[in-house]
Amino acid sequence: MIILINLVNFTNDKYKILKFLYDNQIEIKNKKYVALSQQEIADSLHFSKNKTNKIIQELKKDNFIDSYNNTKGKYVITDKGNKVISVIEKKY
């Protein structure tokens with residue numbers, strides 16, 4: 001499957017949040033997800049909570065992340081999001 005993504009959108013704070021989520025995944029029963037609140041993400045990256053919320057909503061809208069089991073405060077990186085990390089980090 002070929003996924004075309006404009007990587008220019010990920011040379012900014014949007015990528016910082018995606019990469020932070022990627023780096024902070026936990027794995028339980030062979031399922032990976034991120035169990036950090038938006039405030040914890042914002043504090044770790046020195047962003048405001050509003051900015052973090054806006055970027056997370058954009059990442060969700062563009063299908064780079066999703067809610068894990070429709071649970072508030074838990075996120076999963078989608079295949080599309082993993083592909084972005086893979087390309088930028090050159091992890092083929």
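The values are calculated or read from the model by the stated rules, or taken from the named source; none is laboratory data. Being a predicted model, the structure only gives us computed values, none of them experimental. Glycine gets a Cβ as well: all are built from the backbone with ideal geometry, and neighbour counts include every protein chain shown. SASA here: full protein model, heavy atoms, side chains in, ligands and nucleic acids out. Shrake-Rupley method; radii C 1.70, N 1.55, O 1.52, S 1.80 Å.
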Exercise. For labels at Asp23 and Leu45 in the simple 7 Å Cα→Cβ model, what's the distance in nm?
Worked result: 1.1
Problem set entry | Label-to-label distance, nm, for residues given as Lys60 and Lys32 (7 Å Cα→Cβ offset) | 2.1
Exercise. Whole-Hz Karplus ³J(HN,Hα) for the stretch 32-37, in order, using 6.51 cos²θ - 1.76 cosθ + 1.60 and θ = phi - 60°, x for Gly and Pro?
Worked result: 9, 7, 10, 10, 10, 6
For this session: Please tell me which of these pairs span more than 26 angstrom C-alpha to C-alpha: Lys29/Lys49; Lys51/Lys90; Lys29/Lys90; Lys31/Lys51; Lys49/Lys90; Lys29/Lys74?
Result: Lys29/Lys49; Lys51/Lys90; Lys29/Lys90; Lys31/Lys51; Lys49/Lys90
Exercise. In the chain, what percent of the accessible surface is made up of carbon and sulfur (1.4 Å probe, ligands and nucleic acids excluded)?
Worked result: 48
Seminar exercise, completed: Amide H neighbours of Ile65 at under 5 Å, excluding residues fewer than 5 places away on the same chain, with H built from the backbone geometry, are Lys60, Thr78
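Where the convex hull is taken over the Cα atoms of the chain, what is its projected area averaged over directions, in nm²?
Approximately 6.1 nm², given one-decimal rounding.
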